[in-house]
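The structure appears below as structure tokens.
The values are calculated or read from the model by the stated rules, or taken from the named source; none is laboratory data. Everything numeric in this text was worked out from a predicted model, so none of it was measured. Here the Cβ is made from the backbone with ideal geometry for all residues, glycine too, and neighbour counts use every protein chain on show.
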């Protein structure tokens, strides 16, 4: 039990730039899955959405899929998959259902399953199981999807930038009411997005990968460039 009120935040971030393009904030008692529901509506054609195994449900999958985005989500080992066809890259097509009753009524959704292990001397090595809306391995071979899924952890680096470096490891929000706490959280999110936008512009200008630019250095430069920062009440 913390000594201060706590909030929960989930975000939709770009793996290549760490820019958080949308977020949902709620009480700490609200689950990540409940907060994620609204974020799925922000997906669209041309996107590839990665998600960890804690986020999968049939309802969430269908909600995201119907937005037109491609999906590549890790699923838990106990998710029952109905194999349909083996594919040449080692992946296979399977069917997912809303429930056992739905399975009996035969209302399946076809997904492609990619299973793999990682042998790099670290634990856990797997097996990992991904499902994707990209059904043709010619569009995205299994090895490429496994490599792409590893980028899902980029959002953890973005959260570290936001909480540890930008806000400060021991700092707490200054606001005294729920409405102002929410405003302050969105202020931090906007600030992080602005810094990441500047970093992207600098990387493109120099011909570098945005991941090669230090967020901490960019944060320090931004702070020095702003006069009287923090001189207003939240």
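Residues checked against (1) part of a helix (DSSP H, G or I); (2) buried (at least 17 other Cβ atoms within 10 Å of the Cβ); (3) in contact (Cβ under 8 Å) with a residue 40 or more places away in the chain:
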residue	(1), (2), (3)
169	no, no, no
172	no, no, yes
186	yes, no, yes
223	yes, no, no
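Okay, residues lined up against (1) modelled with pLDDT under 90; (2) more than 19 Å from the chain's Cα centre (by Cα):
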{"position": "102", "(1), (2)": "yes, yes"}
{"position": "120", "(1), (2)": "yes, yes"}
{"position": "143", "(1), (2)": "no, yes"}
{"position": "157", "(1), (2)": "no, no"}
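When you look at residue 155, is it crowded, with 17+ Cβ neighbours inside 10 Å and outside any loop (DSSP other than H, G, I, E, B), yes or no?
Criteria met by residue 155.
For residue 142, indicate whether it is under 30 Å from residue 90 (Cα atoms) and exposed (fewer than 13 other Cβ atoms within 10 Å of the Cβ).
Taking the combined requirement at face value, the residue does not satisfy it.
For residue 40, are the conditions met, namely being under 17 Å from the mean Cα position of the chain (by Cα), closer than 30 Å to residue 175 by Cβ and surrounded by 15 or more Cβ atoms within 10 Å (Cβ to Cβ)?
yes
Does residue 205 qualify as being without any contact (Cβ under 8 Å) to a residue 12 or more places away in the chain and under 30 Å from residue 77 (Cβ atoms)?
no
If we only count helices (runs of 4 or more DSSP H) wholly inside the stretch 13-120, which ones have 2 or more residues that are without any contact (Cβ under 8 Å) to a residue 24 or more places away in the chain?
32-40, 100-105
Conditions: (1) modelled with pLDDT of 95 or more; (2) loosely packed, with under 15 Cβ neighbours inside 10 Å. Residue 87 meets all but one. Number of the miss?
(2)
If you take the residues in the stretch 188-200 that are surrounded by 13 or more Cβ atoms within 10 Å (Cβ to Cβ) and without any contact (Cβ under 8 Å) to a residue 60 or more places away in the chain, which one is farthest from residue 218 (Cα to Cα)?
So the residue we want is 188.
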